[in-house]
1. Within segment 14-42, track down each residue that is polar (S, T, N, Q) and over 18 Å from the mean Cα position of the chain (by Cα).
2. Does segment 153-207 hold any residues that are touching a Pro at 6+ places or on another chain (Cβ under 9 Å), open to solvent by less than 80 Å² (accessible area, probe 1.4 Å) and touching a residue at least 60 places away in the same chain (Cβ under 8 Å), and which are they?
3. Return only the number of the condition from (1) touching a Lys or Arg at 6+ places or on another chain (Cβ under 6 Å); (2) farther than 26 Å from Ser189 by Cβ that Pro161 does not satisfy.
4. Please determine, by comparing only the residues of segment 60-79 that are among the aliphatic types (A, V, I, L, M) and buried (at least 17 other Cβ atoms within 10 Å of the Cβ), which one is farthest from Gln110 (Cα to Cα).
5. Give just the number: which of (1) within 29 Å of Met76 (Cα to Cα); (2) among the small types (Gly, Ala, Ser); (3) crowded, with 16+ Cβ neighbours inside 10 Å does Ser141 not satisfy?
6. Among the residues of segment 89-120, which ones are part of a loop (DSSP other than H, G, I, E, B) and without any contact (Cβ under 8 Å) to a residue 24 or more places away in the chain?
7. Of the residues that make up segment 58-68, is at least one at pLDDT 90 or above, assigned to a helix (DSSP H, G or I) and either among the charged types (D, E, K, R) or closer than 30 Å to Arg115 by Cα (or both)?
8. Can you name the residue in segment 80-127 that is among the aliphatic types (A, V, I, L, M) and within 26 Å of Asp12 (Cβ to Cβ) and is also surrounded by the fewest Cβ atoms within 10 Å (Cβ to Cβ) among such residues?
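The values are calculated or read from the model by the stated rules, or taken from the named source; none is laboratory data. Everything numeric in this text was worked out from a predicted model, so none of it was measured. Cβ coordinates were reconstructed from backbone atoms using ideal geometry, including for glycine residues, and neighbour counts include every protein chain displayed. Note: areas computed on protein heavy atoms with side chains; ligands, DNA, RNA excluded. Shrake-Rupley method; radii C 1.70, N 1.55, O 1.52, S 1.80 Å.
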Amino acid sequence: RAEGRRTLLVVDNVHELDALSQTATVQLMRQSSAALLATTPDLLLCGEDLVRLWAEGMIRRIDLSPLDPADSLALMEQIAGGRLSALAAHTVWRQTRGNPLFTSLLCRDQITAGRLTEHGGIWTLAGPLSFNGEISDWLESWYRRIGPPERRIVDLVSLCPGIPLQVLLETADAQAAETLEEQGVLEVSHGDGSVRLRNPLYARLVA
C-alpha cells in the first residue's frame, strides 16, 4: 500500500517479538523496504539477527536516560493539561526517578484518585500519593512475567531494603540476582554490599 513511499516500522519492546516476526523485521530492513524505530530495555535480549543488524551498523543505538525534573514536569503538565505546583512535580519525580512510563501512569493515577486537583489554573497535591490504579496494574503484570527465582529476590529486597548481598544469596539464586542487576532492577552497593531495588516504586508496590 505504500506505493513506493518510505515506510516506518515502529516496534515497542522489540525483544518480545516471536522468532518469525523478528525474521520478517530483519528482512524488511535488509531489503530497505522499511525504516525501523524500535525500543528495548536491553539490545542483547533481542534475537541474533537483530543484534547482528546493530553489529553491522545497520541499526543506530541510542541509550535513553531518565527524565530530569524539568522534563518530568513538562510531561506531567502535558498530561494534566495545565501547570503543576513545584511540590506536586517534585513529589512524583522523587517516586519515579524520571522514568517516563512511571511518571505518566503515576500522574494519571493521582488525577483519577483526586490527589492532584486544579485550583486557579495550577494542579496541586491534595493528599499523599495514591499507588493504586494503572501503576499498580503495570507492576503486577511485570511481577507475574518474571520467573520464580527472580520473584523471590524481588520479594526479599522489597521487604528488606539494604539486605546484605551475602545474606540474600544464602536464600536466593545467584544467577537470578545477576539477571535482575543486568536488567537494572537490582542495585548492589559496592561500598557495603547492600542490595536494593533501583526504583523505589518497585519496592513500595511489591511490598
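1. Keep residues of segment 14-42 that are polar (S, T, N, Q), which gives 21-23, 25, 27, 31-33, 39-40.
Across segment 14-42, the qualifying residues are Ser21, Gln22, Thr23, Thr25, Gln27, Gln31, Ser32, Ser33.
2. Once the filter is applied, which keeps residues that are touching a Pro at 6+ places or on another chain (Cβ under 9 Å), open to solvent by less than 80 Å² (accessible area, probe 1.4 Å) and touching a residue at least 60 places away in the same chain (Cβ under 8 Å), segment 153-207 yields Gly184, Pro200.
3. (2)
4. Of all residues in segment 60-79, those among the aliphatic types (A, V, I, L, M) come to 62, 64, 67, 70, 73-76, 79.
So of that shortlist, the ones also buried (at least 17 other Cβ atoms within 10 Å of the Cβ) come out as 67, 73, 75-76, 79.
Working: Leu67: 19, Leu73: 14, Leu75: 14, Met76: 11, Ile79: 11 Å.
Filtering segment 60-79 for residues that are among the aliphatic types (A, V, I, L, M) and buried (at least 17 other Cβ atoms within 10 Å of the Cβ), the one farthest from Gln110 (Cα to Cα) comes out as Leu67.
5. (3)
6. So in segment 89-120, the residues part of a loop (DSSP other than H, G, I, E, B) come out as 97-99, 114-115, 120.
Of everything in segment 89-120, those that are part of a loop (DSSP other than H, G, I, E, B) and without any contact (Cβ under 8 Å) to a residue 24 or more places away in the chain turn out to be Gly114, Arg115, Gly120.
7. Looking through segment 58-68, none of the residues is at pLDDT 90 or above, assigned to a helix (DSSP H, G or I) and either among the charged types (D, E, K, R) or closer than 30 Å to Arg115 by Cα (or both).
8. First, pick out the residues of segment 80-127 that are among the aliphatic types (A, V, I, L, M): 80, 84, 86-89, 92, 101, 105-106, 111, 113, 116, 122, 125-126.
Filter again for within 26 Å of Asp12 (Cβ to Cβ), leaving 80, 92, 101, 105-106, 111.
Values: Ala80: 18, Val92: 24, Leu101: 11, Leu105: 21, Leu106: 27, Ile111: 17.
Per the criteria, the residue is Leu101.
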